[in-house]
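Q: My questions will all concern the structure given below.
The values are calculated or read from the model by the stated rules, or taken from the named source; none is laboratory data. Keep in mind the model is a prediction, meaning the values are calculated, not measured. Neighbour counts run over all protein chains shown; Cβ positions are idealised from the backbone, glycine included.
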Amino acid sequence: MNLYAVVLAVIVSVLLYVSLSQVRKVKTKADYLVAGRSLPWYVLVFTLLSSWIGSGSLFGGAENGFHNGFAALWQPAGGWLGLIVIYFIAARARKFAQFTVPDMLEARFNPTARILGTIAILFAFTAITSYQFKGGGDILHLIFPGLDEVARNSFGMAAGKEHALGMIIIAVFVILFTALAGMTSVAYLDVVIGALTTVTTIIAVPILLNRVGGWEGFHAALPPEYFQLFGKFGYKNGVSQGTFAGFTRAMEILFPTMLLMLGNQAMYQKFFSARSEKDAKYAVVGWVTGTLILEVLIMGIAVLGAAMFLHAPDLKPREIIPYVARHGLPSFVGALLMGAIFAKVISTANNYLFSPSTNLVNDVYIRFANKDASDKSVLLLSRIIVVVLGCWALLQGARWESILAMSLYAYTIYSASITPVVMATFFWKRATAAGAVACLFTGTFVTIAWNYGANGFFPDWLKERDAIFPALIASVLCLVIVSLATPPPKPEQLAPFFEEK
C-alpha cells in the first residue's frame, strides 16, 4: 500500500473533522468573517504562520533556492522586515475592528478607495490561490504518478495541461473547507497544520544533511555560488554581470514580499478576529519566531535537495521539496513531510480564497447593495462566492507555469497598490482620499499592464525586470503628489487611526 497516500488520507480526514466541528459555531456574519472576534493569541500565531507560508515558499521559494542556493532567502527576508513594522500596527488594527482592509480604506479615505482596494485584492489573492492549486496538483502527481494518464484517458484533458486533474482535486478540497465555516474553520485548521509542518521540517533537515555527507559534503556537491550572498542572481547565460546586478535582483524579490506582508488583508483579518488588542500584539511575536524558523528550514531542505538531485532528469525545480520527501527521506518521515506540504497548500489556499470572498460580500454586496442583509443571506452568498472565486483561481492556475513568477506577480499587484495606502492610513496624516485613489489605480494598472503585454514594446534589458519598482514608484508618487495638492483630511477621518496627544 502507498504509505504516502495513507498519510495523506489521514491528514485530509483530520482537517475535514476539524472543519466540520466548527460549522455549528457559525451563526452570524461576524462568526463567518472574523471568527466572532474570539481567537486567542496562540491560535493567531498558527493561523498567521500558515496563511503566510504556502506554495509561495514551498514551491516558488524552493524553486528559487534550487537555482540560487541560500541567496533565495532574500525573498522571505522581505517578510521578516515587514514583521518588524507590523508589531507596531497589530494592536491598532484590532482596535479598529472591522472586517476587511477596504473597510479601513473607506473609513480613512472614501468609498472609491474601498472599491479600488477590493479590485486589487481580487486580482492578487485569486492569483495566490491559483498557485496553491498548482502546488497541490504537483504533490498529488508525485504521490499518484498515474493521475495525468487518468486525466487524458478518462476525461480527455489535454496532455499539455500537466497535473490538471490534481489541480481540480485540490481545488475541490480547498473550496469545501473554506465554504464550510469561514474564518473559524481556517484558523483552527491552521493550528493542526502549523504544528505538523514545524515538527516534520525540524526532523527532515538533519537527516538530509547527514545523507549529503555533512557540511563538507554539502559544499562539495554544489557550485560555490549556492553559498554566496547573491547566488546566481547577477548571472546571465552563465556569466556574472556584477554585484550590482545581483543586488538589484535580490531587491526585486525582497520588496514585493515585504510590501505584501505590510498590507496583507489576510493578516489584518486575523487581527480583526483577535480576542483583544493584546492578543493581536502577542501573536506577532510568535509569528516572527515561527516564520524565521520555518522559512530557513524550508530553504535548507530545498538547497539540500539540490545537492542530492541537482541533475535528476525527472525533477521540476519547483517540486524539489515534495521530490525530496518522496525520494530523499526515510519513507515515514517523507510521507509526513509530503502530508505537511499538502496541508500547508490547503491552509494557504483557504486563507487567500476566503479573504477576497469577504471583500465581495462585505465591501460590495452589504456596503452598496443590501445594507440590511440578514446573517443567513450573508452566509449563503459568502459560500457561493467562495465557489465562484475558487473556479476563477483554478483557471488562472491552468494558464501560468512558474509558481515563482505567479507569486511575484500577485505580490507586486498588492505591494504597489494596497500597501502604500495601508501604510499611509496608519502613519501619514496628510494622505488624502484623492491621493489614495490615485495610488490604488496606478499601482494596479501598471502591474497588470507590465505583466500582460505592455512589456512586449520594451527593450530586452527592461523585459527581464520585475514590475515592482516601476509600479511602486508610480503609485507612491501619485499618493504623495495628489495628497499634497488636495485639502487635508478631516479630523474625524483620522480619529480611528491616530491616538490623541
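Q: From Val239, Val285, grab the single residue that is surrounded by fewer than 17 Cβ atoms within 10 Å (Cβ to Cβ), at pLDDT below 85 and more than 30 Å from Gly214 (Cα to Cα).
A: Val285
Q: State which residue pairs qualify: first residue hydrophobic (A, V, I, L, M, F, W, C) and inside segment 120-147, second residue surrounded by fewer than 21 Cβ atoms within 10 Å (Cβ to Cβ) and not in a helix (DSSP H, G or I) in any location, beta carbons under 8 Å apart, and separation of 6 or more residues or different chains.
A: Ile143/Asn2; Phe144/Asn2
Q: Right, next: Just one of Leu337, Leu408, Leu389 is over 21 Å from Leu440 (Cβ atoms), part of a helix (DSSP H, G or I) and not charged (D, E, K, R); which is it?
A: The unique qualifying residue is Leu337.
Q: Restricting to segment 207-222, name every residue that is more than 23 Å from Leu336 (Cβ to Cβ), in contact (Cβ under 8 Å) with a residue 24 or more places away in the chain and outside any helix (DSSP H, G or I).
A: Result: Leu222, single match.
Q: Listed residues Arg326, Arg318; which is charged (D, E, K, R), part of a helix (DSSP H, G or I) and either surrounded by 24 or more Cβ atoms within 10 Å (Cβ to Cβ) or at positive phi (or both)?
A: The unique qualifying residue is Arg318.
Q: In segment 415-437, how many residues are surrounded by fewer than 24 Cβ atoms within 10 Å (Cβ to Cβ) and modelled with pLDDT under 90?
A: Qualifying residue count for the region: 3.
Q: For Pro224, all conditions in the list (1) buried (at least 21 other Cβ atoms within 10 Å of the Cβ); (2) more than 16 Å from the chain's Cα centre (by Cα) hold save one; what is the number of the exception?
A: Among (1) buried (at least 21 other Cβ atoms within 10 Å of the Cβ); (2) more than 16 Å from the chain's Cα centre (by Cα), the lone unmet condition for Pro224 is (1).
Q: State yes or no: is Ala405 surrounded by fewer than 18 Cβ atoms within 10 Å (Cβ to Cβ), under 17 Å from the mean Cα position of the chain (by Cα) and closer than 29 Å to Ser57 by Cβ?
A: For Ala405, the condition - surrounded by fewer than 18 Cβ atoms within 10 Å (Cβ to Cβ), under 17 Å from the mean Cα position of the chain (by Cα) and closer than 29 Å to Ser57 by Cβ - is met.
Q: Given the structure, is Lys344 touching a residue at least 12 places away in the same chain (Cβ under 8 Å) and within 21 Å of Gly69 (Cβ to Cβ)?
A: Taking the combined requirement at face value, the residue does not satisfy it.
Q: Among the residues that make up segment 381-389, is at least one of them farther than 20 Å from Ala410 by Cα and free of Cβ contacts under 8 Å to residues at least 12 places away in the same chain?
A: There is at least one residue in segment 381-389 that is farther than 20 Å from Ala410 by Cα and free of Cβ contacts under 8 Å to residues at least 12 places away in the same chain.
Q: Filter segment 50-90 for residues that are in a helix (DSSP H, G or I) and aliphatic (A, V, I, L, M) and give the result.
A: If the condition is that a residue be in a helix (DSSP H, G or I) and aliphatic (A, V, I, L, M), then Leu58, Ala62, Ala71, Ala72, Leu73, Ala77, Leu81, Leu83, Ile84, Val85, Ile86, Ala90 are the ones that fit.
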